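A short write-up of the structure that comes next.
The values are calculated or read from the model by the stated rules, or taken from the named source; none is laboratory data. No experiment lies behind these values; they were computed from the predicted model shown. All Cβ positions, even for glycine, are placed from backbone atoms using ideal geometry, and neighbour counts span all protein chains on display. Calculation scope for accessible area: heavy atoms of the full protein, side chains included, ligands and nucleic acids excluded. Shrake-Rupley method; radii C 1.70, N 1.55, O 1.52, S 1.80 Å.
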Amino acid sequence: MGAVEESEDREDLLCTRQRGIGQLAECVPIAVSEFEKLAAFAQEKQVGLIVVGPDDPLADGIVDAFDVTGIPVFGPRKNAAEIEGSKTFMKDLLQKYSIPTATYAKFDNYEDALAYLRQQGAPIVVKADGLAAGKGVTVARTLEEAEQALSDIMQSKVFGDAGSRVVIEEFMEGQEMSILAFVDGETVKPMSAAQDHKPAYDGDLGPNTGGMGTYSPLPHIPSSIIDEAIETIIKPTAKAMVAEGRPFRGVLFAGLMITPDGRPKTIEFNARFGDPEAQVVLPRLKTDLLEVFLAAVDGTLAELELEWSDEAAVCVILASGGYPASYPKGIAISGLEDEQDGTVVFHAGTARDADGTWRTNGGRVLGVVGLGPDIASARDKAYERAAGITFEGKQNRTDIALKALL
């Protein structure tokens, strides 16, 4: 079927500049928020299955809107997607069902939130309640930093309505881990665990981003901890959603913290594939992905066993200069045509001119994935391929996956 993409520039949306996905699919001039037009397009083209990727349309009810078409959709309904769309809802759900997470307080009044911050002190975590493109979270090491984050969210409205409420959480220390799972009601089929690198700079320094790199599997984390996270967090959350009358169908993504005592706790849930987690998890899936989608939609996911490759994968994000703050667009990219065995390049923020020139068109521009028999070899391949791709202002972390090698 066609590929539909959101854009601030309506002319760009009309495919005057081809996006990276245009190499694999036909782009069509329909915004992802135009549900009625999307439904009409899908019916006209006799689409057999719809897979929803972004968080915004899920939170806005795109799956519910497609009910009238009779076309099967892989993705959660609006009331289930709220597990990502509202951090307040998510935290309240976990508290109600005794699912491990950090202690927290929620506020819709700036003065009350500020008083609580000052009472708690730093380090502390400040989160915008709603969707903020992965950037609405500040892990504040100082009270001044926490107060600035709160002011940015609730007073300056840097995330718009997403900051009408905030969640202020206990600071948790430890290693982060991501587990994505295919879910159909109470049926949970976990994917291979991955680890993201959220901060912009080496050493986990700088502002949070949408993700600067990932790797999978996690050889340095005991399988018992991964199993515990599945049994005490992901499966109970799926059951809790059913109990709340919000059965989840799609990909449930758990962002987890392994605390110093070795116990996993929930940081967040997403209602979709994670980016860049999917880039290192899905290439390792041996089971046909379409078969998995259809089983979840048909309610037969419990009958399906997932098979995984023993291969390791490492993804390095190449970002525009200035990201995650303001950054230029339209910078020429070179080196994309130089293919290399054992690597895959995923386009994120790119556009292509009529003469074939690729240009930057976003903050995170490309995800360069290396595959190999172990993390070290996969990492070497990813960085070797990444070094051959250049554009003015290119930035990337140089320490992706090092935690697995120490």
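Please verify whether R77 is charged (D, E, K, R) and touching a residue at least 40 places away in the same chain (Cβ under 8 Å), treating the condition exactly as stated. Spelling it out, R77 is indeed charged (D, E, K, R) and touching a residue at least 40 places away in the same chain (Cβ under 8 Å). Entry remark, the range 95-124: residues being open to solvent by less than 50 Å² (accessible area, probe 1.4 Å), over 15 Å from V166 (Cα atoms) and not small (G, A, S) number 3 in total.
Every test in (1) assigned to a strand (DSSP E or B); (2) within 14 Å of the chain's Cα centre (by Cα); (3) of a type outside the set (K, R) is passed by L282 save one, and that test is (1). Summed over the range 11-49, the residues that are among the polar types (S, T, N, Q) and either assigned to a loop (DSSP other than H, G, I, E, B) or at pLDDT 95 or above (or both) give a count of 2.
Condition check for V292 on (1) in contact with a Ser or Thr (Cβ under 9 Å, 6 or more places away or on another chain); (2) more than 24 Å from Y104 (Cβ to Cβ): one failure, at (1).
Within the range 230-258, the set of residues being part of a helix (DSSP H, G or I) and over 16 Å from P76 (Cβ atoms) comprises I230, E231, T232, I233, K235, P236.
Evaluation of A376 against the conditions (1) open to solvent by 30 Å² or more (accessible area, probe 1.4 Å); (2) in contact with a strand residue (DSSP E or B) (Cβ under 7 Å, 6 or more places away or on another chain); (3) closer than 25 Å to G274 by Cβ shows that the sole unmet condition is (2).
Residue check: Y104 meets all listed conditions (1) of a type outside the set (D, E); (2) without any contact (Cβ under 8 Å) to a residue 24 or more places away in the chain; (3) closer than 24 Å to K127 by Cβ but one, namely (2).
Residues that are on the phi > 0 side of the Ramachandran plot and part of a loop (DSSP other than H, G, I, E, B) do occur in the range 176-191. Residue pairs whose Cβ atoms lie under 7 Å apart, separated by 6 or more positions or on different chains, with the first residue in the range 43-71 and touching a residue at least 40 places away in the same chain (Cβ under 8 Å) and the second of a type in the set (A, V, I, L, M, F, W, C) and open to solvent by 80 Å² or more (accessible area, probe 1.4 Å), are K45/M1; V47/M1. The residue of the range 163-197 that is surrounded by the fewest Cβ atoms within 10 Å (Cβ to Cβ), among those that are of a type in the set (D, E, K, R) and under 26 Å from A240 (Cβ atoms), is E170. If you go through the range 286-294 one residue at a time, do you hit one that is in a strand (DSSP E or B) and charged (D, E, K, R)? Within the range 286-294 (the criterion being in a strand (DSSP E or B) and charged (D, E, K, R)), the answer is no, since none of the residues qualifies.
Restricting V292, V345, V280, V316 to those that are in contact (Cβ under 8 Å) with a residue 40 or more places away in the chain, closer than 25 Å to C27 by Cβ and open to solvent by less than 60 Å² (accessible area, probe 1.4 Å) reduces the list to V345. Evaluating D353 against the criteria (1) touching a strand residue (DSSP E or B) at 6+ places or on another chain (Cβ under 9 Å); (2) at pLDDT 95 or above leaves one unmet condition, (2).
Condition check: open to solvent by 10 Å² or more (accessible area, probe 1.4 Å), over 17 Å from the mean Cα position of the chain (by Cα), modelled with pLDDT of 95 or more and among the acidic types (D, E). Does D204 satisfy that? No: the conditions fail for D204. Scanning the range 260-269 finds one or more residues that are basic (K, R) and touching a strand residue (DSSP E or B) at 6+ places or on another chain (Cβ under 9 Å). Restricting attention to the range 295-306, the residues being of a type outside the set (A, V, I, L, M) and either part of a loop (DSSP other than H, G, I, E, B) or open to solvent by less than 50 Å² (accessible area, probe 1.4 Å) (or both) number 3.
Annotation note: Cβ proximity below 6 Å between a residue of the range 19-37 that is of a type in the set (V, I, T) and a residue that is open to solvent by 40 Å² or more (accessible area, probe 1.4 Å) and outside any loop (DSSP other than H, G, I, E, B) (sequence gap 6+ or interchain) occurs for I30/K37.
Only one of the listed residues (K286, K329) is charged (D, E, K, R) and closer than 29 Å to V158 by Cα. That residue is K329.
Between A162, A122, the distinction of being at pLDDT below 95, at negative phi and aliphatic (A, V, I, L, M) belongs to A162 only.
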